[in-house]
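*Asks:* My questions all concern the structure below.
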Amino acid sequence: MALEKPYKDVPGTTIFDSDMARKGYHLNQFCMSLMKAENRERFKADERAYLSEWPMSEDQRQAVLDRNYNAMLALGGNIYFLAKIFSSDGKSFQYAAALMTGMSEEDYKAMMVSGGRSPDGNRYIGENK
Amino acid sequence: MARITAGIGASHVPLIGRAIDTGDTLSDYWKPLFDGFNFTRKWIAEEKPDVIFLVYNDHATAFSLDMVPTFAIGCAETFEPADEGFGARPVPTVEGAPDLAWHVAQSVIQQDFDLTIVNKMDVDHGLTVPLSLMYGQPKKWPVKVIPFAVNVVVYPTPSGRRCYNLGKAIRNAVESFDKDLNVQIWGTGGMSHQLQGPRAGLINQEWDKRFLDRLADKPEELADIAHIEYIRETGSEGIEMVMWLVMRGALGDKVTELHRHYHVPASNTAVGHIVLESQS
């Protein structure tokens with residue numbers, strides 16, 4: 001029997017479940033390697049060469065090179081692992097969050113200061129806003 | 001006999017740690033958040049707990065995908081603040097309480113909760129930010145800490161009910177320890193927040209406040225909240241609130257709420273804080 005996944009109808013959200021964790025294993029372990037300063041330096045010196053050392057899919061490598069976080073999430077990346085990439089880039093969680101929503105960092109910050117994104121209209125895919 | 005006298009709930013947003021470390025707590029952005037902890041800082045200085053049983057989650061720091069323990073208890077003598085990718089926080093080494101930790105591990109496992117025992121582990125902002133919120137910037141933490149890590153990163157995380165019942169087992173365990181110790185339990189993380197995808201930035205103030213309203217007197221209702229409700233209503237990272245239920249379960253049936261604070265935002269997150277005193 002298939003596992004129940006009641007979270008598939010939540011919009012704009014990828015739940016890091018067993019399927020995603022399996023798919024993203026090497027991508028996420030690459031991210032963990034960036035917690036060491038010497039690895040960060042090697043990665044920055046030649047990103048593609050460093051990525052080629054990890055048995056990731058070409059799509060995963062390209063998403064990292066493009067810093068396309070939504071693509072990385074879809075390919076099994078988990079946000080706390082992906083945080084090692086934007087931290088290595090000297091970027092904040094708020095920068096990355098804004099990028100994933102398609103908003104400017106300034107607009108995103110203003111949204112948060114005024115109370116954040118309302119759950120209304122954001123609970124189910126296809127729900128009327 | 002050791003006793004769990006009180007519990008604290010508090011968010012553990014990394015940027016709060018940054019604000020403390022860089023001396024930015026009085027700025028317009030941060031002051032309203034930190035003001036809500038003034039009560040607790042005074043209170044804890046008087047309470048002088050001997051040990052904090054600190055329930056938190058590791059954010060892909062000590063645990064990669066190589067090993068994902070659902071519940072892990074830190075039994076080491078000391079725990080170093082972790083380098084999370086931009087250097088370790090400038091905070092003291094965390095001193096453990098191995099006697100009590102091993103005792104709790106043995107007792108809780110015998111109560112059918114299969115804990116992972118950890119003897120070497122660095123601790124990330126999930127653990128050090130709440131310590132900084134309550135104790136500021138001391139040269140040495142004035143308390144011993146038992147780190148207790150709950151997996152809320154890889155789904156499925158333990159249910160709220162499981163966490164609540166685990167708290168009860170922890171209470172039994174602490175009360176059967178011979179030494180006379182004043183133990184507090186802290187549940188950290190939350191409240192509503194989502195850090196990923198196009199829905200990032202979700203905050204649900206109404207839901208968060210209803211959670212806080214029920215924590216003291218209606219914990220059974222909170223224990224019944226399903227994963228999907230946390231995800232849908234509070235954002236994908238709101239699931240961290242199951243860790244508050246470990247804390248509540250460990251306080252016994254009757255508690256008194258001493259203090260509460262709620263503030264939006266810290267970075268991407270709704271910050272909740274509560275102090276509960278055990279009456280049983």
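The values are calculated or read from the model by the stated rules, or taken from the named source; none is laboratory data. Source: prediction; values computed, not measured. Reconstructed Cβ throughout: ideal geometry from the backbone, glycine too, with neighbour counts over all protein chains shown. The protein model used for the area step is the full one, side chains on, heavy atoms only, and it has no ligands, DNA or RNA in it. Shrake-Rupley method; radii C 1.70, N 1.55, O 1.52, S 1.80 Å.
*Asks:* At a 1.4 Å probe, what is the % contribution of carbon and sulfur to the accessible area of the range B:3-278? Present the calculation step by step, with values, prior to reporting the outcome.
*Replies:* Details: 4670 of 9700 Å².
The nonpolar share, carbon plus sulfur, comes to 48 percent.
*Asks:* Let me ask something else about it. Grab the alpha carbons of the protein assembly as shown, take their convex hull, and tell me the volume per residue in Å³. Show your work: numbers first, answer last.
*Replies:* Details: hull volume 57.4 nm³, N = 409.
It is 140 Å³ per residue.
*Asks:* What's log10 of I(q)/I(0) for the range B:230-280 at q = 0.18, 0.19, 0.22, 0.27 Å⁻¹, Debye sum over Cα points only, no solvent?
*Replies:* Evaluating at q = 0.18, 0.19, 0.22, 0.27 Å⁻¹ gives log10 I(q)/I(0) of -0.70, -0.76, -0.91, -1.07.
*Asks:* Hey, what do the phi angles of the range A:13-20 turn into as Karplus ³J(HN,Hα) couplings, whole Hz, using 6.51/-1.76/1.60 and θ = phi - 60°, x for Gly and Pro?
*Replies:* Those phi angles translate into 9, 10, 8, 7, 9, 4, 4, 5 Hz.
*Asks:* How many nm is it between the label spots at B:GLN110 and B:LEU26, if each spot is 7 Å from the Cα in line with the beta carbon?
*Replies:* Reported label-point gap for B:GLN110 and B:LEU26 is 5.3 nm.
*Asks:* So what are the ³J(HN,Hα) numbers for the range B:58-64, from phi and the Karplus equation (6.51, -1.76, 1.60; θ = phi - 60°), rounded to whole Hz, Gly and Pro as x?
*Replies:* 7, 9, 6, 10, 7, 10, 8
*Asks:* Next question. Given H placed 1.01 Å from N in the peptide plane, which residues other than close sequence neighbours of A:ASP17 have an amide H under 5 Å from its amide H?
*Replies:* Amide H to amide H, under 5 Å and 5 or more residues apart or across chains, A:ASP17 pairs with B:TYR155.
*Asks:* Which whole-Hz ³J(HN,Hα) couplings does the range B:270-279 yield from phi under the Karplus relation 6.51 cos²θ - 1.76 cosθ + 1.60, θ = phi - 60°, glycine and proline marked x?
*Replies:* Running phi through 6.51 cos²θ - 1.76 cosθ + 1.60 with θ = phi - 60° gives 7, 9, x, 8, 8, 10, 10, 9, 6, 10 Hz.
*Asks:* Amide H to amide H, which residues 5 or more places from B:LEU202 or on other chains are under 5 Å from it, using H placed in the peptide plane?
*Replies:* For B:LEU202, whose amide H was placed from the backbone, the distant partners under 5 Å are A:ARG117, B:GLN194.
*Asks:* Please quote Rg/Rh for the range B:3-278 to two decimal places, taking the Kirkwood radius as Rh and restricting both calculations to Cα atoms. If you can, show how the numbers build up before the last one.
*Replies:* On the way: Rg = 16.9 Å, Rh = 18.3 Å.
Dividing the radius of gyration by the Kirkwood radius yields 0.92.
*Asks:* If you don't mind, another one. So, R0 is 41 Å and r is the distance between the beta-carbons of A:GLU58 and A:ASP120; what FRET efficiency does that work out to, to 0.05? Provide the component values of the computation, followed by the final result.
*Replies:* Working: r = 40 Å, r/R0 = 0.97.
Efficiency at R0 = 41 Å is approximately 0.55.
*Asks:* Can you list which of the trypsin sites (Lys or Arg not before Pro) found in the range B:130-214 are DSSP loop residues with at most 11 other C-beta atoms within 10 Å? Walk me through the numbers before you get to the answer.
*Replies:* On the way: sites: B:LYS139, B:LYS140, B:LYS144, B:ARG161, B:ARG162, B:LYS168, B:ARG171, B:LYS179, B:ARG199, B:LYS209, B:ARG210, B:ARG214; in loops: B:LYS139, B:LYS140, B:LYS179, B:ARG199.
Answer in residue order: B:LYS139, B:LYS140.
*Asks:* Which shape class applies to the range B:1-144: rounded if a/c is under 1.5, otherwise prolate when a/b exceeds b/c and oblate if not, where a ≥ b ≥ c are the square roots of the Cα gyration tensor eigenvalues? If you can, show how the numbers build up before the last one.
*Replies:* Details: a/c = 2.04, a/b = 1.36, b/c = 1.50.
Oblate shape, in that a/c is at least 1.5 and b/c is the bigger or equal ratio.
*Asks:* Okay, helix-only estimate at 222 nm for chain B: each DSSP H run of n ≥ 4 adds -39500 (n - 2.57), divide by all residues, round to 500 deg cm²/dmol; what do you get?
*Replies:* Result for chain B, helices only: -10000 deg cm²/dmol.
*Asks:* Additional query: Can you give the accessible area per residue of the range A:18-90, in Å², using a 1.4 Å probe?
*Replies:* 44 Å²
*Asks:* Name the residues of the range A:1-50, by number, that are at least 30 Å² less accessible with every protein chain in place than in the isolated chain; the surface is that of heavy atoms, probe 1.4 Å, without ligands or nucleic acids.
*Replies:* A:PRO6, A:TYR7, A:VAL10, A:GLY12, A:THR13, A:ILE15, A:PHE16, A:TYR25, A:GLN29, A:MET32, A:MET35, A:ARG40
*Asks:* A further question on this structure: What does the convex hull of the Cα atoms of chain A come to per residue, in Å³, rounded to a whole number? Before the final figure, lay out each step's value.
*Replies:* On the way: hull volume 16.2 nm³, N = 129.
Roughly 125 Å³ of hull volume per residue.
*Asks:* Please calculate how many Å² of accessible area chain B carries per residue, with a 1.4 Å probe and no DNA, RNA or ligand atoms counted. List each step's numbers first, then the result.
*Replies:* On the way: 9990 Å² over 280 residues.
Roughly 36 Å² per residue, with all protein chains present.
*Asks:* Let me ask something additional. Please report the net charge: other residues with Cβ closer than 15 Å to the Cβ of B:THR93, K and R +1, D and E -1. Walk me through the intermediate numbers first.
*Replies:* Values: positive: B:ARG89, B:LYS120, B:LYS139, B:LYS140, B:LYS144; negative: B:GLU77, B:GLU80, B:ASP83, B:GLU95, B:ASP122, B:ASP124.
The answer is -1.
*Asks:* Need one number: % antiparallel among DSSP beta bridges in chain B, to the nearest 5.
*Replies:* On the way: 20 of 42 bridges.
Here the share of antiparallel DSSP bridges comes out near 50 percent.
*Asks:* Expected output is a single nm value to one decimal: the length gained when fully extending between A:HIS26 and A:LEU65, i.e. 0.36 nm times separation in residues minus the C-alpha distance. What is it? Could you put the intermediate results ahead of the total?
*Replies:* Values: separation 39, 0.36 × 39 = 14.04 nm, distance 1.53 nm.
Stretched out fully, the A:HIS26 to A:LEU65 stretch lengthens by 12.5 nm.
*Asks:* What number does the range A:18-90 give for Rg over Rh if you use C-alpha atoms and the Kirkwood radius?
*Replies:* Working: Rg = 10.9 Å, Rh = 11.9 Å.
Computed over Cα atoms, the ratio is 0.92.
*Asks:* Taking the Cα-to-Cβ direction at A:GLU4 and at B:ASP217 and moving 7 Å from each Cα, how far apart do the two end points lie in nm?
*Replies:* That separation, rounded to one decimal, is 3.2 nm.
*Asks:* How large is the helix-only mean residue ellipticity at 222 nm for chain A, computed as the sum of -39500 (n - 2.57) over DSSP H runs with n ≥ 4, divided by its residue count, in deg cm²/dmol to the nearest 500? Each step should come with its number before you reach the end.
*Replies:* On the way: 9 runs with 72 residues, N = 129.
Only helices count here, giving -15000 deg cm²/dmol.
*Asks:* Nearest 100 Å² is fine: how much accessible area is buried between B and A, summed over both sides, with a 1.4 Å probe?
*Replies:* On the way: alone 11920 and 8350 Å², together 16550 Å².
Summed over both sides, the interface buries about 3700 Å².
*Asks:* Antiparallel as a % of all DSSP beta bridges within the protein assembly as shown, to the nearest 5?
*Replies:* Working: 20 of 43 bridges.
Around 45 percent antiparallel, to the nearest 5.
*Asks:* Taking all pairs of distinct Cα atoms, average 1/r, flip it, and tell me the Kirkwood hydrodynamic radius of the range B:36-84 in Å to one decimal place.
*Replies:* Numbers: mean 1/r = 0.0720 Å⁻¹.
About 13.9 Å for the range B:36-84.
*Asks:* Taking the alpha-carbon centroid of each part, what is the distance from the range B:35-67 to the range A:51-129 in angstrom?
*Replies:* 28 Å
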